[in-house]
Amino acid sequence: MNTTALPTVGYTLNHPRLQNWVLEMASLCKPERIHWCDGSQEEADRLITEMVSAGTLIRLNPEKRPNSFLARSDSSDVARMEDRTFVCPKDPKAAGPNNNWMEPEKARAELRPLFDGCMKGRTMYVVPFSMGPIGSPFSHIGVELTDSPYVAVSMRVMTRMGKDVVAALGTDGEFVPCVHSVGAPLAPGQKDVSWPCNETKYICHFPESREIWSFGSGYGGNALLGKKCFALRIASNMAKDEGWLAEHMLILGLESPQGEKRYVAAAFPSACGKTNLAMLIPPQAFDGWKVTTVGDDIAWIKPGKDGRFHAINPEYGYFGVAPGTSEHTNPNAIATLKANCIFTNVALTPDGDVWWEGLTKEPPAELIDWEGKAWTPGCGRKAAHPNSRFTAPASQCPSLDPSWEDPKGVPVDAFIFGGRRSKTVPLVMQAFNWSYGVYMAATMGSETTAAATGKVGQIRRDPMAMLPFCGYHMGDYFDHWLDMGHKVYNPPRVFCVNWFRTNDKGEFLWPGFGENMRVLKWIFERVSGRAGARQIQLGWMPGYEDIDWTGLDEVTEAKFDELMDVDAKAWKEELALHDEFFSSLGDKLPRELPLQRELLERTLDR
Ligand code: GTP
Ligand code: SPV
Ligand code: MN
């Protein structure tokens, strides 16, 4: 390819630094051609048509699921790869024990030969995107270069993408350069596969130069670089330097029948219920209460001039877990998925629609599973991959909050932290104050899920649900959180929840999903200074009478006691895990946190 000739651009381009970078990367990656994405519907249609011909996408039945598609990944490329994710500042102490660190020059030396010629025979798509509404003071722009058309069209759903972003950049606007390759160059005449990828994988972040390089995977957070790589790992570094927060949080609005409205932001680890909570529909008995959705995965939060935190959802779509999503668990998600979606690694029904475990009680009599094999209910395999996902435009969500694109963000009155804990952790509690809230969030444990490769179901510390996403030393991150409480007049109240406690038979004690509204209402009333609570060892906790049980007989007082039980012995063991985790942070552990731990232990003794 003649890299001196500028490729076709369907819009005005006058940003020398961007143009030079694209040409420099093209001369390294050596694509057959360059395509500058304009973000239009025509462009998406054309890329999709090409992918359908190539077998990368399967068009679903247009009568059942208009303009929607199924992708099947390579069976080795199905989730985020935490062991191949690196954060590369000069000083290893800046990355911390929570990140895989590589010396930046060494990382570059390993990446360069991999990227050399990696796009041969393919198109390099230039994908300009904005995280946050274009022009909002919260927003930041990135440009992803990718040789995956699947990534290019997914980025159009997940971010504001295309020529408006280039216009916003002007002649010298800042952007985060993101380079992505599936790492599967094509020799002349070589036939492509439907999901190209490479056994060797690297997802590298350079926080000092604010760059992202990803090689070898086409899946989710490994490849849609605006999401985890930019909006969390790089943005958490920006946020630390600039005095804001980039968090793995949903944002939802809660409105009472009297019209009082509050927003809460909630952090849960991957595949632990953010999308479900963000789109919750209150039970019938909660007539007049409304829950609205601002975001389901990421929140960028800044102290405002009014002395409160304000938050935006930097994304434009949802990349949500499919299994378990149903008319019962999340009707708003089901409605969001009615058209214009990309499904990855779900099962295909004989009439050209999608299916996954939990969508219906009874599975269809026959399916094609996520690997393209014939499937019947008794065959002993899952039809959909446990980390199969949908990519859906936020604009299709029926519960979308009217202010979800407000460039000033929405005011946040409460933070909720939740893990997946079958034992020990009660249904809900409220921290006594900000620094104790930071302690509870910092020591949160959760059982691992299929969202990342590796063992599922193992308890690990996942502070603020950010273990895989904090792009710097966790000790500095805790310090930043403590600090942020002083940047507002009245820091938000902090709550911890656990929807996942089980009985001795392994059954969930709490009905969850829509019924989580009962806990949200208590939180709403606590923030408003109305709801009752008892001060017990772990924090402020509701008594049975403090929760609105209208229309729900299933949770008796005895069951509630079981859900709220605090076992001092189990909590002592939990504290030992806190200690172990804290000691890994060395001298970067803020002094407040061991003090909080001491107080908690003394209280448990009483
Ligand atoms: P990422 O997109 O991976 O960051 O995760 P997420 O937190 O948005 O995950 P999501 O909401 O899609 O979580 C899906 C999983 O959580 C499924 O296994 C659900 O069944 C489960 N889940 C969500 N809410 C509840 C609940 O209230 N109770 C129970 N028992 N399970 C729940
Ligand atoms: C997560 O794992 O937290 C996700 C999915 O939200 S991914 O974008 O693949 O990281
Ligand atoms: Mn997530």
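Heavy-atom accessible surface of T275, to the nearest 10 Å², is about 30 Å², with a 1.4 Å probe and all protein chains retained. 3J(HN,Hα) along the stretch 206-220: 10, x, 6, 8, 6, 10, 10, 10, 10, 9, x, 10, x, 9, x Hz, from the Karplus curve 6.51 cos²θ - 1.76 cosθ + 1.60 with θ = phi - 60°, whole Hz, x for Gly and Pro. Its alpha carbons considered, the stretch 479-560 gives a radius of gyration followed by a Dmax of 15.3, 47 Å. Per-atom-type breakdown for the stretch 58-168 gives carbon and sulfur 51% of the accessible area (1.4 Å probe, protein chains only).
Over the chain, the alpha carbon radius of gyration divided by the compact-protein estimate 2.2 N^0.38 Å works out to 0.95. Rounded, prolate or oblate: which fits the stretch 389-433 when a ≥ b ≥ c are the square roots of the eigenvalues of the alpha-carbon gyration tensor, with rounded for a/c under 1.5 and prolate only if a/b beats b/c? Oblate is the answer for the stretch 389-433, as a/c is 1.5 or above yet b/c matches or exceeds a/b. Less than 5 angstrom separates the built amide H of L359 from those of G324, all sequence-distant by 5 or more or on a different chain. Once backbone amide H atoms are built at 1.01 Å from N, R420 has E447 as its partners under 5 Å, excluding neighbours fewer than 5 places away on the same chain. Amide H contacts under 5 Å for S214: V179, H180, S181, C204, restricted to partners 5 or more places along the chain or on a different chain, H placed in the peptide plane at 1.01 Å from N. Sorted from greatest to least, the principal axis extents spanned by the alpha carbons of the stretch 83-163 come out as 39, 37, 19 Å. Expressed as a whole percent, the accessible area of the stretch 470-606 that falls on carbon and sulfur atoms is 47 (1.4 Å probe). Residues K572, K423, K302, ordered by accessible area of protein heavy atoms at a 1.4 angstrom probe radius and largest first, appear as K423, K572, K302. Cα-based radius of gyration for the stretch 117-241, normalised by 2.2 N^0.38 Å, reads 1.06.
Projecting the alpha carbon convex hull of the stretch 29-114 along each direction and taking the average yields 9.3 nm². All Cα-Cα distances of the stretch 367-499, cut into 10 Å bins from zero to the largest, leave 10, 26, 31, 23, 8, 2 percent in each bin in turn. The lysine pair tally for the stretch 118-230, using Cα distances under 24 Å and a gap of 8 or more places or different chains, is 7. Leaving out ligands, DNA and RNA, and with a 1.4 Å probe, what % of the accessible surface on the stretch 188-288 is carbon or sulfur? Carbon-and-sulfur percentage of accessible area, whole number: 45. One quarter of the surface of the convex hull around the alpha-carbon atoms of the stretch 293-351 equals 5.7 nm², the direction-averaged projected area. Solvent exposure of the chain amounts to 38 Å² per residue of accessible area, where only protein heavy atoms count and the probe is 1.4 Å. Phi angles of the stretch 492-505 translate, via the Karplus equation with coefficients 6.51, -1.76, 1.60 and θ = phi - 60°, into HN-Hα couplings of x, 5, 10, 10, 10, 10, 8, 7, 10, 5, 10, 8, 5, 8 Hz per residue; Gly and Pro are given as x.
Residue-wise HN-Hα couplings along the stretch 184-201, as the Karplus relation 6.51 cos²θ - 1.76 cosθ + 1.60 with θ = phi - 60° gives them from phi, are 9, x, 10, 6, x, x, 5, 7, 7, 9, 6, 10, x, 6, 10, 4, 7, 10 Hz; Gly and Pro carry x. Each stretch of four or more DSSP H residues adds -39500 (n - 2.57); spread over every residue of the chain, this sum gives -7500 deg cm²/dmol at 222 nm. Evaluated over the stretch 267-403, the count of Lys pairs having alpha-carbon atoms less than 30 Å apart is 16 (only pairs 8 or more residues apart or interchain).
A dipole drawn for the chain from +1 and -1 charges on Cβ atoms has a positive end, and of L589, L359, W375 the residue lying farthest that way is L589.
The values are calculated or read from the model by the stated rules, or taken from the named source; none is laboratory data. Every value quoted in this text rests on a predicted model; they were computed, and no experiment measured them. Here Cβ is always computed from backbone atoms with ideal geometry, including for glycine, and neighbour counts include all displayed protein chains. Keep in mind that these areas ignore ligands, DNA and RNA; they rest on the heavy atoms of the full protein, side chains included. Shrake-Rupley method; radii C 1.70, N 1.55, O 1.52, S 1.80 Å.
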